[in-house]
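K.L.:
So that we are looking at the same thing, I have put the structure below in structure tokens.
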Amino acid sequence: RRVLFRLDEIHPHDIGTFLDADGVAVRAGHHCTQPLLKRFGVPATVRASFAFYNNFDDVDRLVQALVKMQRFFG
């Protein structure tokens, strides 16, 4: 399963860097969808991928890091 997202005021590459510093692995970029992103005026997105080896603690860590990041960027 994959979840693509973006936060209005924070560039996806900044999100990826911030989450990486908190030990959360995501991918930021075009994800091979440049024409679609261009069509909607979106520079890039962040992708969180989940597989059989992930658990609820991994999801909680992602959410906690996103909350921390939003506080940091205001």
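K.L.:
If amide hydrogens are placed 1.01 Å from N in the peptide plane, which non-local residues have theirs closer than 5 Å to the one on residue 28?
P.N.:
HN-HN under 5 Å from residue 28: 47.
K.L.:
Also, I was wondering about something else. Tell me the chymotrypsin sites (Phe, Trp or Tyr not before Pro) within segment 27-70 that lie in a loop according to DSSP and have at most 15 other beta-carbon atoms within 10 Å.
P.N.:
Those that pass, being in a loop and sparsely packed, are 40, 50, 52, 53.
K.L.:
Restricting to DSSP H runs of at least four residues, report the calculated mean residue ellipticity at 222 nm for the chain, -39500 (n - 2.57) per run over all residues, nearest 500 deg cm²/dmol.
P.N.:
So the helix-based figure for the chain works out to -14000 deg cm²/dmol.
K.L.:
Against the longest principal axis of the chain, how steep is helix 12-21, in degrees 0 to 90 to the nearest 10, with axes from Cα atoms?
P.N.:
The angle comes out at about 20 degrees.
K.L.:
Still on this structure, please answer the following. Would you tally the net charge around residue 73, using a Cβ to Cβ cut-off of less than 11 Å, leaving residue 73 out, and scoring K and R as +1, D and E as -1?
P.N.:
-1
K.L.:
Another question about this same structure. If a/c stays under 1.5 just call it rounded; otherwise compare a/b with b/c (prolate if a/b is bigger, oblate if not). Do that for segment 19-64, with a ≥ b ≥ c from the square roots of the Cα gyration tensor eigenvalues.
P.N.:
prolate
K.L.:
Going by alpha carbons, how many degrees (0 to 90, nearest 10) lie between the helix axis of 56-73 and the longest principal axis of the chain?
P.N.:
60 degrees
Read-outs: derived from the displayed coordinates by stated rules, not from any lab. Treat the numbers as computed from the prediction; the structure is a model and nothing was measured. Neighbour counts are summed over all protein chains in view; Cβ atoms, including those assigned to glycine, are modelled from backbone coordinates with ideal geometry.
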